[in-house]
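First comes the structure, then the notes that go with it.
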Amino acid sequence: PSAGLTLFCSIMSCMLNKPLPNVAFTGTIDVLYSTVGIIGGVEEKITAAERKGIEKVYIPFENYEELQEKGKIERFKPEIVPVRNLSEVLKELFDFEIKSGVLEGRCRDVRVVVLGVHKKKPHGKRV
């Protein structure tokens, strides 16, 4: 679903007991490769976030490119952040990194590890 990134970050926030800043997310997630995929209605979603006073919106990189090509990025008040994969968001929000296919980090002396996170999708075929 287009709320995949939102749900994932919300779950991580709860697991780590680390509140999210004034941000919004949209994007699908390929759980096998941790990539963030394109969604529909991105302009409407950014506008809705703007109306609620959101300061930063994370959107799929492909959607960002489309908005940039149309010259629409500058019209939005929130900062628009393009995202290709989960590691980009998790590093910024939770100080997590991907190492050898494992997502890991620390929060309040708790070590959290998510196995099976891959950095790259093989070209041309899905596994």
Using modelled backbone amide H atoms (1.01 Å from N, in-plane), which distant-in-sequence or interchain residues come within less than 5 Å of TYR58's amide H? ALA24, PHE25, THR26, VAL81
Starting from segment 8-67, pick out the trypsin sites (Lys or Arg not before Pro) whose DSSP state is loop and whose Cβ has at most 12 other Cβ atoms within 10 Å. LYS52
For ILE39, residues with placed amide H under 5 Å, excluding near neighbours: ASN63
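Hand me the GluC sites (Glu not before Pro) from segment 1-88 located in a DSSP loop with no more than 14 other Cβ atoms within 10 Å, in residue order please.
Taking segment 1-88 and a limit of 14 other Cβ atoms within 10 Å, the loop GluC sites (Glu not before Pro) found are GLU55.
If you roll a 1.4 Å probe over the heavy atoms of the protein chains, what accessible area per residue do you get for segment 32-96, in Å²?
Working: 3490 Å² over 65 residues.
Ligands and nucleic acids excluded, the figure is 54 Å² per residue.
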Of the listed links LYS52/LYS91; LYS18/LYS45; LYS56/LYS77, those spanning more than 19 angstrom between alpha carbons are LYS52/LYS91; LYS18/LYS45
Sorting TYR64, TYR33 by accessible area (1.4 Å probe), largest first, what list results? TYR64, TYR33
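Contour minus end-to-end for LYS91 and LYS70, with contour as 0.36 nm per residue of separation and end-to-end as the Cα-Cα distance?
On the way: separation 21, 0.36 × 21 = 7.56 nm, distance 2.93 nm.
Here the answer is 4.6 nm.
Name the shape class, rounded, prolate or oblate, that the alpha-carbon gyration tensor gives for segment 14-75, where a ≥ b ≥ c are the square roots of its eigenvalues, rounded holds for a/c under 1.5, and otherwise prolate holds if a/b is larger than b/c and oblate otherwise.
Details: a/c = 2.52, a/b = 1.19, b/c = 2.11.
The shape class here is oblate.
The values are calculated or read from the model by the stated rules, or taken from the named source; none is laboratory data. Note that the structure is predicted; figures quoted are calculated from it, not measured. All Cβ positions, even for glycine, are placed from backbone atoms using ideal geometry, and neighbour counts span all protein chains on display. Ligands, DNA and RNA are excluded from the accessible area calculation, which covers all protein heavy atoms including side chains. Shrake-Rupley method; radii C 1.70, N 1.55, O 1.52, S 1.80 Å.
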